[in-house]
Amino acid sequence: IHEHVSPDPLSSLSVDTQGLQKQFDELASFSDSPAPSVTRILYSENDVLGRRYIKNLMSLSGLSVREDAIGNIFGRWNGDEPELAAVSTGSHTDAIPYSGKYDGVLGVLGAIEAINVLKRSGFKPKRPLEVIMFTSEEPTRFGISCLGSRLMAGIKEHAELLKNTVDNQNISFFDAAKAAGYSNVENLSSAFLNKGSYSAFVELHIEQGPILEEEAIPIGVVTAIAAPASIKVDFEGNGGHAGAALMPTRNDAGLAAAELALAVEKHVLDSGSIDTVGTVGILDLHPGAINSIPSKSHLEIDTRDIDEKRRNTVVEKIHQSALSISNKRRVMLSQFKIINQDPPASSEEFIIKAAESSARELNLPYKKMISRAYHDSLFMARISPMAMIFVPCYKGYSHKPEEYASPEAITDGVKVLALTLAKLSTQ
Ligand code: GLV
Ligand code: MN
Ligand code: MN
Ligand code: MN
């Protein structure tokens with residue numbers, strides 16, 4: 001502990017559990033779908049309202065607020081030595097269609113509350129502490145996940161991709177950002193951060209899996225994040241009349257898509273590991289009429305593994321299947337685009353240790369675990385030492401309206417985060 005901080009302030013961390021619950025509810029009200037579901041899509045009106053809400057909370061907590069060109073939001077508490085690299089924490093507030101109110105949000109509201117907790121305790125950080133709200137962790141609108149953290153990590157390939165990316169209404173990324181007030185968005189590289197900008201990054205998140213709840217353990221300390229990949233596929237056939245065109249003459253783009261979806265499942269299961277997963281979450285048919293043979297189909301495929309090589313093998317097999325299906329069914333494979341094929345990330349030992357000793361000091365049992373979901377931490381790991389703290393959630397539900405974390409679970413997570421930040425800020 002820093003010399004002019006007695007250890008006493010940190011012995012009684014008081015979380016405003018009720019106030020925090022109210023914030024979850026208020027933020028959840030900025031949604032494009034009815035409660036209890038939450039839908040908050042990048043640069044939509046509700047996303048902008050959510051951003052305003054977060055910036056206001058940051059200001060109320062005495063943080064100085066800054067936004068970068070794409071709307072990553074930073075709230076900084078300058079410590080005793082403001083020239084030192086800051087310790088940062090944060091997550092996202094965008095929400096996929098019909099999801100819940102805790103994914104990501106815990107790591108933003110919980111981080112701001114962790115700052116409040118430290119301030120109330122009388123603690124003074126040595127290194128600055130910074131809360132980050134990342135832009136578009138979810139790939140919903142532009143098909144690229146973790147937009148904010150990918151750019152902060154300076155991934156040029158995705159910055160380039162963004163320049164030509166449109167949403168499903170054909171609105172470009174740049175136009176959408178400008179409409180949300182980010183007029184400087186075309187200066188994407190201004191969002192890149194240097195390695196060493198942060199001495200540590202730690203993200204608080206619901207587990208999104210069932211282990212902590214099943215084992216009645218209040219805290220998870222994440223040691224690694226699985227490797228995600230996503231692919232966009234388009235098939236094109238001739239379409240035609242659903243009654244008049246006879247079966248032998250058809251080249252049905254919809255059936256090609258259906259066959260590829262089943263091939264994805266097969267390749268994933270064939271990996272032989274329970275850790276390999278694959279999902280076809282988007283399957284669109286054109287023109288989308290009951291009596292018209294699909295002339296175009298569009299699939300978006302998500303596949304992940306903790307083993308990068310095994311995940312890459314699945315991606316390659318999916319590609320081979322797409323080619324052979326297009327041959328066999330005489331449809332054109334007009335797009336097979338790997339949007340991202342990211343390596344996994346490992347947490348840094350000194351942050352793991354800080355989180356573990358924080359949990360121990362708070363008398364909270366903890367478990368080391370991997371994250372099968374991805375997070376902005378996956379990309380922050382490229383520019384900063386990283387680790388994550390998990391709390392249990394009801395039945396491990398996430399990405400659906402039933403997602404729930406109890407006030408007690410949230411309070412425990414905020415305490416561990418606060419103490420971890422305090423430790424890291426003096427290292
Ligand atoms: C993030 O939302 C993920 O899909 O892991
Ligand atoms: Mn999510
Ligand atoms: Mn999340
Ligand atoms: Mn996520």
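Residues of segment 110-127 that are over 30 Å from Ala229 (Cβ atoms) and in a helix (DSSP H, G or I): Ile112, Glu113, Ala114, Ile115, Asn116, Val117, Leu118, Lys119, Arg120, Ser121. Within 23 Å of Leu333 (Cβ to Cβ), free of Cβ contacts under 8 Å to residues at least 24 places away in the same chain, away from ligand 4 (no atom under 16 Å from the Cβ) and part of a helix (DSSP H, G or I): does that describe Leu262? Yes: the conditions hold for Leu262. The conditions of being assigned to a strand (DSSP E or B), more than 24 Å from Thr135 (Cβ to Cβ) and under 17 Å from the mean Cα position of the chain (by Cα) are not met by Ile389. Filtering segment 269-286 to residues that are surrounded by fewer than 16 Cβ atoms within 10 Å (Cβ to Cβ), over 15 Å from Asn168 (Cβ atoms) and more than 16 Å from ligand 2 (Cβ to nearest atom) leaves Leu269, Asp270, Gly272, Ser273, Ile274, Asp275.
Yes/no per residue for (1) within 30 Å of Val233 (Cβ to Cβ); (2) in contact with a helix residue (DSSP H, G or I) (Cβ under 8 Å, 6 or more places away or on another chain); (3) within 16 Å of ligand 4 (Cβ to nearest atom); (4) aromatic (Phe, Trp, Tyr):
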| position | (1), (2), (3), (4) |
| --- | --- |
| Arg330 | yes, no, no, no |
| Ile338 | yes, yes, no, no |
| Gln341 | yes, yes, no, no |
| Pro344 | yes, yes, yes, no |
| Glu348 | no, no, no, no |
| Ile351 | no, yes, no, no |
| Ala355 | no, yes, no, no |
| Ser425 | no, no, no, no |
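A search for C-beta distances below 7 Å between a residue of segment 132-147 that is closer than 13 Å to Leu188 by Cβ and of a type in the set (A, V, I, L, M, F, W, C) and any residue that is within 12 Å of ligand 1 (Cβ to nearest atom) and in a loop (DSSP other than H, G, I, E, B), counting only pairs 6+ apart in sequence or on different chains, returns Leu147/Ser136. Residue pairs whose Cβ atoms lie under 9 Å apart, separated by 6 or more positions or on different chains, with the first residue in segment 356-374 and free of Cβ contacts under 8 Å to residues at least 60 places away in the same chain and the second assigned to a strand (DSSP E or B), are Arg360/Tyr366. The numbered conditions (1) more than 16 Å from ligand 4 (Cβ to nearest atom); (2) under 22 Å from the mean Cα position of the chain (by Cα); (3) of a type in the set (A, V, I, L, M, F, W, C); (4) buried (at least 17 other Cβ atoms within 10 Å of the Cβ) are all true for Met369 except (1).
Considering only residues in segment 202-216 that are within 13 Å of Glu408 (Cβ to Cβ) and surrounded by fewer than 23 Cβ atoms within 10 Å (Cβ to Cβ), the one that is farthest from ligand 2 (Cβ to nearest atom) turns out to be Ala216. Being touching a Phe, Trp or Tyr at 6+ places or on another chain (Cβ under 7 Å), away from ligand 1 (no atom under 16 Å from the Cβ) and either outside the structural domain of Val222 (by TED's automatic domain parsing) or of a type in the set (S, T, N, Q) (or both) is a condition met by at least one residue of segment 370-390.
Of Ser44, Ser29, which residue is within 18 Å of the chain's Cα centre (by Cα), under 14 Å from Thr93 (Cα atoms), in the same structural domain as Glu186 (by TED's automatic domain parsing) and among the polar types (S, T, N, Q)? I'd like the intermediate steps shown before the answer.
Details: Ser29 fails: within 18 Å of the chain's Cα centre (by Cα).
Answer to the check: Ser44.
Is segment 128-147 home to any residue that is assigned to a helix (DSSP H, G or I) and farther than 24 Å from Asp284 by Cβ? So far as segment 128-147 goes, no, none of its residues is assigned to a helix (DSSP H, G or I) and farther than 24 Å from Asp284 by Cβ. Assessment of segment 39-46 against the conditions (crowded, with 24+ Cβ neighbours inside 10 Å, in contact (Cβ under 8 Å) with a residue 60 or more places away in the chain and in contact with an Asp or Glu (Cβ under 8 Å, 6 or more places away or on another chain)) yields at least one matching residue.
The values are calculated or read from the model by the stated rules, or taken from the named source; none is laboratory data. This one's a predicted model, so the numbers in the text were calculated from it and none came from an experiment. Cβ coordinates were reconstructed from backbone atoms using ideal geometry, including for glycine residues, and neighbour counts include every protein chain displayed.
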